[in-house]
1. With respect to residue 76, is the statement that it is at negative phi and modelled with pLDDT under 95 true?
2. If I filter segment 52-70 for residues that are modelled with pLDDT under 95, touching a helix residue (DSSP H, G or I) at 6+ places or on another chain (Cβ under 9 Å) and over 23 Å from residue 9 (Cβ atoms), do I get at least one hit?
3. Going through segment 51-96 one residue at a time, which ones are in a helix (DSSP H, G or I) and within 13 Å of residue 26 (Cβ to Cβ)?
4. Does any residue of segment 26-34 turn out to be touching a helix residue (DSSP H, G or I) at 6+ places or on another chain (Cβ under 7 Å), part of a helix (DSSP H, G or I) and modelled with pLDDT of 95 or more?
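The values are calculated or read from the model by the stated rules, or taken from the named source; none is laboratory data. The structure presented is a predicted model; accordingly, all values stated were derived computationally and were not measured. Counting neighbours? That spans all protein chains shown, and the Cβs are built from the backbone with ideal geometry, glycine included.
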């Protein structure tokens with residue numbers, strides 16, 4: 001891949017690297033919402049939500065559709081959820097591996113050892 005292509009990939013991941021934007025995307029997963037609905041669902045401030053929606057729209061992840069006096073946002077790039085699922089599955093696997101590695105320590109402080117701290 002060329003440096004330009006890699007830069008575009010990195011930029012896409014940067015958009016998804018912000019927890020507030022992921023929270024907004026999770027709210028939009030169930031369908032289009034206006035800013036007021038997003039504010040109520042996330043508890044975030046209006047300026048913050050507007051800033052993140054602008055970034056998501058510029059990245060082509062959400063679209064903006066005026067309807068009357070409101071503007072509705074909706075997901076146009078569902079691949080973002082596939083990426084999040086891959087990452088979540090990897091995190092779960094890593095935590096399960098760590099838990100398996102720590103299993104031998106389970107009895108050390110449970111009072112089952114002889115002569116330890118109780």
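1. no
2. Yes, the conditions are met somewhere in segment 52-70.
3. 52, 56, 80, 81, 84, 85, 88
4. yes
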